[in-house]
Amino acid sequence: MKTDLSPTASASRDLAAESDSAARLGTLGTGALMIAHCAGMVDLVALPVWVGTLIGSYRLDPQQAGLLATLFLVGAVLSSLFFSPRLNRLPARMMATIGFGIATLAFLGVASIGGYPAMAVLHAVAGLAVGCALSFTHGTIGRSRNPHRLFAIAGLALGIFAIAFLGATPGLIAAHGGPTLFRVFAGVMGVATVACALAFPSLRMRRSTAKTDEPRFERTVWFGMVGVSCIALTQAMLFSFVQRIGLDRGFGFNAVTATLIALGFVNLFPAPVAGLLETRIAGRRVVQAGPVVQAVLALIITQSATFVPYAAATAVFAAVMIFTHTFAFGMLARIDRTGRAVAATPAMLMTGAAIGPVLGGTLIKQSGYGSLGVAAVLITVAAVFCFSRLERRPSLSGVQA
């Protein structure tokens, strides 16, 4: 007579089988995830050029420019909040392809259509589309055998993308005008659309995907999510205006552009280093120290009147975010093996990032660039508190990455 497996044993067996399937993504599947990650995280690379172009080429004030970036990010947040709980009930390949396809059309529209209201609507549409695609991308990475390592590889890919983007785009914009930026965005989204359509991994949950089978998030997961949002807020608030800070202080276009290119090269290292140090450094220590380092760099960037401290701090600023978030991603993926928590990565990152540009623009308008450093310190206090509650615990299924 057959005996039924216990629910825990069944879940462990099925999730282990799922992890084995995820481990066999293959070169094409992994490549598609890397391309999708770079396209979906374009704001992390492009914000200073994005906001700088809206101010310099479109003659918007910092608050108006920040609001357009915020509309994109708010759209991504709302989309991620809607789609991440449905990760295991919708076809990932189709949703990622459709999301990036719509984003391609939206950015082409921004490049072609003048007028602030139209730009605002299209930024929001692009954000909704990217948030959908990125949720399925990160959810698929989160269901892999080693989410920390795969996310670290994705971070390396983003660093390579950043070098190409920051090295080429400012010059293209200077030569051909502001709409060039949005044509570049459309090209990036178009490449991601094709890659997802051809090779995005179509992993299926082998256990029942009924809503009642998926446990609620533990409290520690929510603290981790808020902590990620805090460091994303600091990142976006300052990074959106780092180009303008350098230019307005008279450091010169070439020097500031060289600093951004250096930032791209530096960004090659934090993710692979985080992957190598996964088992050598306690993740909880990393995620608590990261926001503190971030705040120190923010103070240097906003208070420095000379080029060298500004350039040094700017070059490593995004690297701190990438390194810290790689550990946070791995910790959240181990706590919640359904992939839903990390599928909400766009919501975590972009909730903070959505507030960042408009908050930064408002602070600058009212109190100058120095106020950004003060705000970064206050946000760091909240981030450290939240991450102090995030610790590695065995998942409900007992399956380890």
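The values are calculated or read from the model by the stated rules, or taken from the named source; none is laboratory data. All figures in this text were calculated on a predicted structure; none of them were measured in a lab. Note: ideal-geometry Cβ built from the backbone for every residue, glycine included; neighbour counts use all protein chains shown.
Screening THR306 with (1) under 18 Å from LEU44 (Cβ atoms); (2) polar (S, T, N, Q); (3) free of Cβ contacts under 8 Å to residues at least 60 places away in the same chain gives one miss only, at (1).
Being crowded, with 23+ Cβ neighbours inside 10 Å and more than 23 Å from LEU68 (Cα to Cα) narrows it down to one of GLY139, GLY127, so name that one. Quick ask: steps written out before the conclusion?
Working: GLY127 fails: more than 23 Å from LEU68 (Cα to Cα).
Of the residues listed, the single one that is crowded, with 23+ Cβ neighbours inside 10 Å and more than 23 Å from LEU68 (Cα to Cα) is GLY139.
Inclusion of GLY264 among residues that are in contact (Cβ under 8 Å) with a residue 40 or more places away in the chain and in contact with a His (Cβ under 9 Å, 6 or more places away or on another chain) is not warranted.
Of everything listed in (1) closer than 20 Å to GLY52 by Cα; (2) surrounded by fewer than 23 Cβ atoms within 10 Å (Cβ to Cβ), the single unmet condition for GLN288 is (1).
ALA305 meets all of the listed conditions (1) under 20 Å from GLY250 (Cβ atoms); (2) assigned to a helix (DSSP H, G or I) but one, namely (2).
Checked against the criterion of being of a type in the set (A, V, I, L, M), without any contact (Cβ under 8 Å) to a residue 12 or more places away in the chain and within 26 Å of GLN243 (Cα to Cα), region 120-129 has at least one qualifying residue.
For ARG149, the conditions (1) surrounded by fewer than 24 Cβ atoms within 10 Å (Cβ to Cβ); (2) over 18 Å from ALA328 (Cβ atoms) all hold with the exception of (2).
Quickly run through region 195-220 and pick out the residues that are at pLDDT 85 or above and surrounded by 15 or more Cβ atoms within 10 Å (Cβ to Cβ). Residues satisfying the conditions are ALA195, CYS196, ALA197, ALA199, PHE200, PRO201.
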